[in-house]
Amino acid sequence: MLLVLSMFFVVVPAGHVGVLLHFGAVRSSLSEGLHLKLPLVQKVVLMDVRIQKSETEASAASKDLQTVKAKIAVNYHAAPEQAARLYAQVGTGYAQTLVAPAVQECVKAVTAQHTAEELITRRQEVSSKIHNVLADKLAPYGIVVDAFNIVDFDFSQKFNEAVEEKLAAEQRALKAKYDLERTKTEAEQKLTQARAEAEALKIQREQVTPELLRLREIEVQKMAVEKWDGHLPSVTGGGVPFVQLPFTGQK
């Protein structure tokens, strides 16, 4: 009994669309749920319309003829309303026969428009461009590209060494520029300090007057008197010290 009923009914599970074939020709599409069909005359093929993920590696040449290997991740799904047409044109194996080759072709086409350096520095822009080109290519078949990501870019050993050398040269140039600016700054600081000291000396010279010099002389003499202990300096040698006596006015 169940076997007989299964000949007249078909169940389309969630996330699928049933493509109804009438004597092998695509007649219509069936949504999720239970549907009636004519045994021996009609057949239902299930098409998965859930989001599929594909990861593939693509090889291409950049605008400056550098060999580029990219790891690509694509999320896509078959549009439910176009599932019948997709089956009629491609069949159920559209992932291998349509999506994978389209990814390779679009990666090659967009990569050839950019230099290897641009592929690195403008990676997000390149990814968006490939996404758009791929979406336009698959849209006529009823396939929607949900997301596109460049997981990794890999270049030849020679190119990688050239990039490393360029980065090292840029670092050396930055260091040389920093050292030059530091030396210049230190020289300017010394020059500013020398100018300040010269200006201070100039001001001091302008402030030195005869009265100030006389005052300094008096201060020195005063300090000498304060330090004198009342004794005359002793004289060594064979001579007798000469001391001038005060004049009394008597002969």
Row for region 99-166, column shape: gyration tensor on C-alpha, a ≥ b ≥ c, rounded if a/c < 1.5 i.e. under 1.5, prolate if a/b over b/c, else oblate; value prolate
When the dipole is taken about the Cα centre of region 92-144, and only Lys, Arg (+1) and Asp, Glu (-1) are charged at their Cβ, what size is it in debye, to the nearest 20?
60 debye
Could you state the number of Å between the C-alpha centres of region 119-155 and region 42-85?
10 Å
Could you pull out every one of the lysines with an alpha carbon less than 18 Å from that of residue 177, ignoring same-chain neighbours closer than 8 positions?
166
Which of the chymotrypsin sites (Phe, Trp or Tyr not before Pro) found in region 1-88 are loop residues per DSSP with 14 or fewer other Cβ atoms within 10 Å of their Cβ?
23
Taking the Cα centre as origin and putting +1 on Lys and Arg beta-carbons and -1 on Asp and Glu beta-carbons, what dipole magnitude results for region 41-189, to the nearest 20 debye?
440 debye
What is the pair-distance distribution P(r) of region 8-106, computed from all Cα-Cα distances in 10 Å bins starting at 0, with each bin given as a whole percent?
14, 37, 23, 14, 8, 3, 0
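Taking the convex hull of the Cα atoms, report for region 37-77 its projected area averaged over all directions, in nm². Numbers along the way, then the final one.
On the way: hull surface 20.7 nm².
Over all viewing directions, region 37-77 projects a mean Cα-hull area of 5.2 nm².
Calculate, in whole percent, how much of the Cα-Cα pair population of region 57-188 lies beyond 21 Å.
Numbers: 4652 of 8646 pairs.
Roughly 54 percent, once rounded to a whole number.
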Taking N as the residue count of region 61-128, its alpha carbon Rg divided by 2.2 N^0.38 Å gives 1.40
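Values quoted throughout were computed directly from the atomic coordinates according to the rules given, and no laboratory measurement underlies them. Here the structure is a predicted model, which means the values were calculated and not measured. So basically every Cβ, Gly included, is an ideal-geometry build from the backbone, and we count neighbours across all protein chains shown.
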